[in-house]
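Engineer: The structure is given below, and queries will be raised subsequently.
The values are calculated or read from the model by the stated rules, or taken from the named source; none is laboratory data. Remember, it's a predicted structure, so these values are computed and weren't measured experimentally. Cβ placement follows ideal geometry from the backbone for every residue including glycine, while neighbour counts extend to all protein chains displayed.
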Amino acid sequence: MGVDEAICDAPVDRYALDPAPAPTPKPTTKGVAAPSPVAPPQLDPVAAAQAAADSAHDLDALRAALEAYPHCELRRGARNLVFSDGSAGARVMIVGEAPGREEDLQGRPFVGEAGQLLDRMFAAIDMKRGHPDPARALYITNILPWRPPQNRDPSAEERAMMRPFVLRHIALAEPDLVILMGRISAATLLDTSEGITRIRGQWRSLGDRPALPMLHPAYLLRNPAAKREAWADLLALQAKLRTMT
Ligand code: URA
């Protein structure tokens, strides 16, 4: 159709716009033209996310900043904001993809079928959310705090908007290391297009923290043979934690 560029996030119904030309500013009683109203500058949602995330100085403030963030349409279809679960002082922080149906209903990450597998995986190396010992505890969040409709993949725009919040979340929770659970989490936080089956099990850096990409438990439910790799990654995590004490 000859369109090669999108210049606006929201459609504009130009038929509904007033075709009359803008009135010429009227002189004031002092004979000086009054300034014409200036359109507010277009807000960049990623810059707005960065500013909101930077201004949060603890986890409660970060949650409040997400609740107040207006630019992500997913919030309108979600029942709950899914912020986190587990202990914020844990040595290990897991970042998944997005809430599914159960998570949206309960307002907690990883409580559906994939979440139950995640719990069993970490129980195998004696770790769990809510463990009283920070060395054995997990802290869990997602790239997206709102469920995408029909569990579709988050778009590049949605991921870019949420990235500043997740990076701030990690900085405020101060884990020793981060598990990037699945391809969306790894691609978003490492800013890479490398596939998860290629980079899983390879230690990467996220700022000054080690980060380990792993296969998502939902993937393991569909591909049980890949549990062998997941087990190797859990052992690598366990070994890394020992070297960091
Ligand atoms: N999958 C995720 O990545 N996160 C959840 O919270 C649930 C399923």
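Engineer: For a quick check of your reading of the model, give me the residue pairs whose first member lies in the stretch 167-192 and is within 22 Å of Ala156 (Cα to Cα), whose second is among the polar types (S, T, N, Q) and buried (at least 17 other Cβ atoms within 10 Å of the Cβ), with beta-carbon atoms closer than 6 Å and at least 6 apart or on different chains.
Structural biologist: Note: pairs meeting the criteria are His169/Thr141.
Engineer: I would also like to ask the following. Please count how many residues of the stretch 60-69 are closer than 18 Å to Trp146 by Cβ and either surrounded by fewer than 17 Cβ atoms within 10 Å (Cβ to Cβ) or in contact with a strand residue (DSSP E or B) (Cβ under 7 Å, 6 or more places away or on another chain) (or both).
Structural biologist: As a first pass, look at the stretch 60-69 and keep what is closer than 18 Å to Trp146 by Cβ: 62-69.
Checking the rest, the ones that are also either surrounded by fewer than 17 Cβ atoms within 10 Å (Cβ to Cβ) or in contact with a strand residue (DSSP E or B) (Cβ under 7 Å, 6 or more places away or on another chain) (or both) come to 64, 67-68.
Counting residues in the stretch 60-69 that are closer than 18 Å to Trp146 by Cβ and either surrounded by fewer than 17 Cβ atoms within 10 Å (Cβ to Cβ) or in contact with a strand residue (DSSP E or B) (Cβ under 7 Å, 6 or more places away or on another chain) (or both) gives 3.
Engineer: Another question, if that's okay. Show the residue pairs that are 6+ apart or on different chains and have beta-carbon atoms under 8 Å apart, the first residue being within the stretch 193-222 and on the phi > 0 side of the Ramachandran plot, the second being in a helix (DSSP H, G or I) and at pLDDT 95 or above.
Structural biologist: Gly201/Glu229; Gly201/Ala232; Gly201/Asp233; Gly201/Ala236; Gly207/Leu167; Gly207/Ile170; Gly207/Ala171
Engineer: Looking only at the stretch 155-165, decide whether some residue is crowded, with 20+ Cβ neighbours inside 10 Å and either among the aromatic types (Phe, Trp, Tyr) or over 12 Å from the mean Cα position of the chain (by Cα) (or both).
Structural biologist: Looking through the stretch 155-165, at least one residue is crowded, with 20+ Cβ neighbours inside 10 Å and either among the aromatic types (Phe, Trp, Tyr) or over 12 Å from the mean Cα position of the chain (by Cα) (or both).
Engineer: Something else now. Which ones in the stretch 73-99 are among the aliphatic types (A, V, I, L, M) and either away from the ligand (no atom under 16 Å from the Cβ) or crowded, with 19+ Cβ neighbours inside 10 Å (or both)?
Structural biologist: Residues of the stretch 73-99 among the aliphatic types (A, V, I, L, M): 74, 78, 81-82, 88, 90, 92-95, 98.
Leu74, Ala78, Val82, Ala88, Ala90, Val92, Met93, Ile94, Val95, Ala98, listed by residue number.
Engineer: Please tell me if Arg198 is assigned to a helix (DSSP H, G or I) and within 16 Å of Phe83 (Cα to Cα). Give the derivation first.
Structural biologist: Values: assigned to a helix (DSSP H, G or I): yes; within 16 Å of Phe83 (Cα to Cα): no.
Judged against the criteria, Arg198 is not a match.
Engineer: Now for a different question. Before we move on, is Ala114 among the aliphatic types (A, V, I, L, M), on the phi < 0 side of the Ramachandran plot and away from the ligand (no atom under 16 Å from the Cβ)?
Structural biologist: Numbers: among the aliphatic types (A, V, I, L, M): yes; on the phi < 0 side of the Ramachandran plot: yes; away from the ligand (no atom under 16 Å from the Cβ): no.
So Ala114 does not fit the description; no.
Engineer: If I go through the stretch 201-223 residue by residue, how many of them are assigned to a loop (DSSP other than H, G, I, E, B), in contact with a Lys or Arg (Cβ under 8 Å, 6 or more places away or on another chain) and away from the ligand (no atom under 11 Å from the Cβ)?
Structural biologist: 2
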